[in-house]
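These notes concern the structure reproduced below.
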Amino acid sequence: MWDPSLVCSLHHTSWQHQILNLLEQGQGLNLSSHRYLLALLQVTISLSKVELSVGESKFFTCTAIGEPESIDWYNPQGEKIISTQRVAVQKEGIRLRLTIYNANIEDAGIYRCQATDAKGQTQEATVVLEIYQKLTFREVVSPQEFKQGENAEVVCRVSSSPAPVVSWLYHNEEVTAISDNRFAMLANNNLQILNINKSDEGIYRCEGRVEARGEIDFRDIIVIVNVPPAITMPQKSFNATAERGEEMTFFCRASGSPEPSISWYRNGKSIEENEKYILKGSNTELTVRNIINSDAGPYVCRATNKAGEDEKQALLQVFVQPHIIQLKNETTYENGYVTLICEAEGEPIPEITWKRAVDGITFSEGDKSPDGRIEVKGQHGSSSLHIKDVVLSDSGRYDCEAASRIGGHQKSMYLDIEYAPKFVSNQTIYYSWEGNPINISCDVKSNPPASVHWRREKLVLPAKNTTNLKTYSAGRKMILEIAPTSDNDFGRYNCTATNRIGTRFQEYILALADVPSSPYGVKIIELSQTTAKVSFSKPDSHGGVPIHHYQVDVKEVASETWKIVRSHGVQSKSVISKVEVTSSYSVACAAIKIQGQGDFIKILIFQ
């Protein structure tokens with residue numbers, strides 16, 4: 001007979017096969033024994049131990065026999081597994097399938113499948129899941145770029161379980177075997193290159209090995225070394241002259257990796273090609289056209305790449321011919337103070353000199369006139385000529401000249417001096433007589449021109465009752481014409497001149513003319529057989545009217561008839577002709593003027 005106790009000795013994973021073996025050995029099973037076996041709860045899992053790499057997927061089938069009420073899977077933490085997107089539980093009759101998608105390290109452990117019957121009795125089976133990680137390269141970037149001179153760290157993140165052995169190769173040689181101590185592997189398996197330079201550029205291989213599995217994998221990483229720009233500028237200083245249509249070209253070359261881009265700047269602003277600027281050769285040449293004064297200054301060349309930038313500047317010095325920008329006519333007052341200003345621009349700043357046209361005297365900065373009235377001060381293209389205690393001779397044209405080594409410029413201005421009227425003539429006494437018209441001249445100069453009029457006492461001339469008086473102007477003169485008709489017309493007359501500077505007046509006297517006094521000192525100064533030359537001294541008084549000429553009367557002593565000899569003009573000499581050596585003569589002399597004849601001098605007798 002079959003012994004039910006044998007069932008207890010059956011392994012839960014092979015009980016069905018063992019029952020079949022018992023039947024084949026002749027241990028018969030009756031119906032009740034068969035039902036007992038069918039009611040016995042048994043659980044099996046298709047696999048007992050599984051190795052799975054990270055990222056792989058696997059399913060496990062749990063089979064329960066013996067009328068189970070429920071079948072459940074439990075994770076390594078003892079928690080009942082509920083289906084999720086990554087871990088799924090599916091029931092198919094007496095089977096319960098557990099599927100793990102994209103396995104990770106945390107999924108490792110012992111999974112338990114448990115079946116429970118109606119009596120609450122449970123049976124379970126387990127499966128051991130071991131997770132290992134294949135060689136995995138994470139976020140390995142190629143190329144990796146570095147700046148020349150920095151300490152570079154070439155990143156290669158590789159992982160596995162167990163941990164991999166990582167090595168670096170360069171030109172098929174392990175880096176650790178290279179004698180250059182700038183190369184070293186760091187604790188995180190990255191490659192360090194100290195003070196990296198352009199010659200270190202190339203392909204580096206990051207290789208990982210798992211000795212236990214004979215697994216190997218690698219990644220080739222391109223290392224690029226970027227070199228900051230370095231500018232070479234063959235000439236940094238340039239000279240040009242403005243307003244001559246000149247142009248100037250600056251050259252700027254730059255080395256670096258990658259090839260730098262070049263741009264030009266002026267006053268902080270980028271220079272773009274236009275009518276003023278021409279750019280050539282990938283901006284390595286900048287031409288400034290039609291140079292003017294404002295083009296002077298620094299021009300900055302800037303080279304840029306991903307490793308950095310460099311810049312250098314070229315200086316354009318623009319020479320400008322001197323140009324006088326301020327010089328104007330000035331007006332001042334006599335005895336006043338005036339400043340003449342001359343301003344000029346140019347590069348270099350011009351020196352300024354003054355020249356007074358009337359006498360050609362020049363004045364430069366710091367000069368003073370001998371009398372201390374005139375002084376020149378100046379700075380930075382501006383000069384001022386200071387004149388104090390102004391006199392009329394200071395008026396006229398002044399030339400300002402601005403000069404530098406580039407050239408010169410000259411302009412002129414005029415100094416106008418205003419002053420009160422001045423009477424030019426010193427003659428203030430005039431002589432005439434009744435019936436003899438006379439002009440009294442009031443000669444006035446002034447600036448601005450003066451208004452001039454004649455007065456007698458308080459009466460402005462000519463008046464209604466003064467028909468024998470009239471006035472008229474002749475240039476700057478105001479003429480008073482008087483035709484004396486009585487003694488009342490003789491006396492004092494006043495000439496008054498007025499302008500905005502002041503009023504001046506001068507008194508004139510019209511005096512009654514008298515006959516001249518007699519000449520004196522008559523003598524013979526030369527005597528020949530036929531002529532005698534007589535000289536005399538002019539009279540002390542001409543009577544107010546100039547002497548017109550002298551009259552010499554001569555006669556033989558025995559004769560009653562006088563012969564008249566006229567002098568030549570107002571000369572105090574006269575020649576008597578046709579005299580005889582054997583005769584004696586009498587000579588008398590008198591002064592003659594328009595008004596009449598003066599007294600004769602005493603008679604001189606000569607032989």
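The values are calculated or read from the model by the stated rules, or taken from the named source; none is laboratory data. This structure is a prediction, so every number in the text was calculated from the model and none was measured. A quick note on method: Cβ atoms are made from the backbone with ideal geometry, for glycine too, and the neighbour counts reach across all protein chains shown.
Summed over region 484-509, residues that are within 24 Å of residue 335 (Cβ to Cβ) and of a type in the set (S, T, N, Q) total 5.
Within the bounds of region 503-512, is there any residue that is more than 18 Å from residue 460 (Cβ to Cβ) and without any contact (Cβ under 8 Å) to a residue 60 or more places away in the chain? Checked against the condition, which is being more than 18 Å from residue 460 (Cβ to Cβ) and without any contact (Cβ under 8 Å) to a residue 60 or more places away in the chain, region 503-512 yields no hits at all. Does region 372-385 include one or more residues that are touching a Pro at 6+ places or on another chain (Cβ under 8 Å) and at pLDDT below 95? The answer is yes, given that some residue of region 372-385 is touching a Pro at 6+ places or on another chain (Cβ under 8 Å) and at pLDDT below 95.
Of all residues in region 185-209, count the ones that are assigned to a strand (DSSP E or B) and more than 15 Å from residue 168 (Cα to Cα).
Looking only at that region, the number is 0.
Can you name the residue in region 477-506 that is of a type in the set (D, E, K, R) and within 12 Å of residue 436 (Cα to Cα) and is also surrounded by the most Cβ atoms within 10 Å (Cβ to Cβ) among such residues? Spell out how you get there, then give the answer.
Restricting attention to region 477-506, the residues satisfying the condition of being of a type in the set (D, E, K, R) are 477, 481, 487, 489, 492, 500, 504.
Okay, now just the ones that are also within 12 Å of residue 436 (Cα to Cα), so 481, 489.
On the way: 481: 15, 489: 19.
Here the answer is 489.
Contact map, region 337-358: first residue not assigned by TED's automatic domain parsing to the domain that holds residue 243, second residue surrounded by fewer than 18 Cβ atoms within 10 Å (Cβ to Cβ) and among the hydrophobic types (A, V, I, L, M, F, W, C), Cβ cut-off under 6 Å, separation 6 or more or different chains; pairs are 343/325; 345/325; 350/403; 351/403. The condition (being in a strand (DSSP E or B), within 30 Å of residue 226 (Cβ to Cβ) and under 20 Å from the mean Cα position of the chain (by Cα)) is satisfied by just one residue among 300, 318: 300.
Exactly one residue among 84, 44, 61 is surrounded by fewer than 18 Cβ atoms within 10 Å (Cβ to Cβ) and under 11 Å from residue 127 (Cβ atoms), and that residue is 61. For region 307-325, a residue qualifies if it is surrounded by fewer than 17 Cβ atoms within 10 Å (Cβ to Cβ) and in contact with a Ser or Thr (Cβ under 8 Å, 6 or more places away or on another chain), and the qualifying residues are 315, 317.
You will find that of 77, 42, 90, the residue that is modelled with pLDDT of 90 or more, polar (S, T, N, Q) and in contact with a Phe, Trp or Tyr (Cβ under 7 Å, 6 or more places away or on another chain) is 42 and no other. Considering only residues in region 118-141 that are charged (D, E, K, R) and over 24 Å from residue 219 (Cβ atoms), the one that is surrounded by the most Cβ atoms within 10 Å (Cβ to Cβ) turns out to be 124. Is it true that residue 134 is farther than 30 Å from residue 74 by Cβ and touching a Gly at 6+ places or on another chain (Cβ under 9 Å)? Considered against the rule, which asks whether it is farther than 30 Å from residue 74 by Cβ and touching a Gly at 6+ places or on another chain (Cβ under 9 Å), residue 134 comes out as no. Selection within region 562-574: residues that are at pLDDT below 75 and loosely packed, with under 14 Cβ neighbours inside 10 Å. The member of this set that is nearest to residue 438 (Cα to Cα) is 569.
Scanning region 419-431 for residues that are within 25 Å of residue 340 (Cα to Cα) and touching an Asp or Glu at 6+ places or on another chain (Cβ under 7 Å) yields a total of 1.
Scanning region 266-293 for residues that are within 19 Å of residue 245 (Cβ to Cβ), free of Cβ contacts under 8 Å to residues at least 24 places away in the same chain and among the polar types (S, T, N, Q) yields a single hit, 274.
When the criteria are applied in full, residue 464 meets the requirement of being in a loop (DSSP other than H, G, I, E, B), over 28 Å from residue 334 (Cα atoms), among the basic types (Lys, Arg) and in the same structural domain as residue 502 (by TED's automatic domain parsing).
In region 295-302, the count of residues that are among the charged types (D, E, K, R), touching a Pro at 6+ places or on another chain (Cβ under 7 Å), more than 23 Å from residue 345 (Cα to Cα) and in contact (Cβ under 8 Å) with a residue 40 or more places away in the chain is zero. If you check residue 254 against the conditions, is it touching a Leu at 6+ places or on another chain (Cβ under 7 Å), in the same structural domain as residue 309 (by TED's automatic domain parsing) and aliphatic (A, V, I, L, M)? No: the conditions fail for residue 254.
On the stretch given as region 241-269, residues that are of a type outside the set (Ser, Thr, Tyr), under 18 Å from residue 297 (Cα atoms) and either buried (at least 18 other Cβ atoms within 10 Å of the Cβ) or in contact with a Ser or Thr (Cβ under 9 Å, 6 or more places away or on another chain) (or both) total 7.
Of all residues in region 136-170, those being more than 23 Å from residue 200 (Cα to Cα) and not in a strand (DSSP E or B) number 5. Just one of the listed residues (345, 309) is closer than 30 Å to residue 264 by Cα, more than 24 Å from the chain's Cα centre (by Cα) and not in a loop (DSSP other than H, G, I, E, B), and it is 309.
Condition check: outside any loop (DSSP other than H, G, I, E, B) and either acidic (Asp, Glu) or within 27 Å of residue 419 (Cα to Cα) (or both). Does residue 511 satisfy that? In short, no.
Okay, residues lined up against (1) exposed (fewer than 13 other Cβ atoms within 10 Å of the Cβ); (2) modelled with pLDDT under 95; (3) not assigned by TED's automatic domain parsing to the domain that holds residue 203:
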site	(1), (2), (3)
143	yes, no, no
146	no, no, no
149	no, no, no
154	no, no, no
157	no, no, no
163	yes, yes, no
169	no, no, no
177	yes, yes, no
191	no, no, no
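When residue 155 is tested against the conditions (1) more than 51 Å from the chain's Cα centre (by Cα); (2) free of Cβ contacts under 8 Å to residues at least 40 places away in the same chain, the lone failure is (1). When the strands (runs of 3 or more DSSP E) confined to region 401-453 are screened for residues that are surrounded by fewer than 17 Cβ atoms within 10 Å (Cβ to Cβ) and within 51 Å of the chain's Cα centre (by Cα), those reaching at least 1 such residues are found at 407-423.
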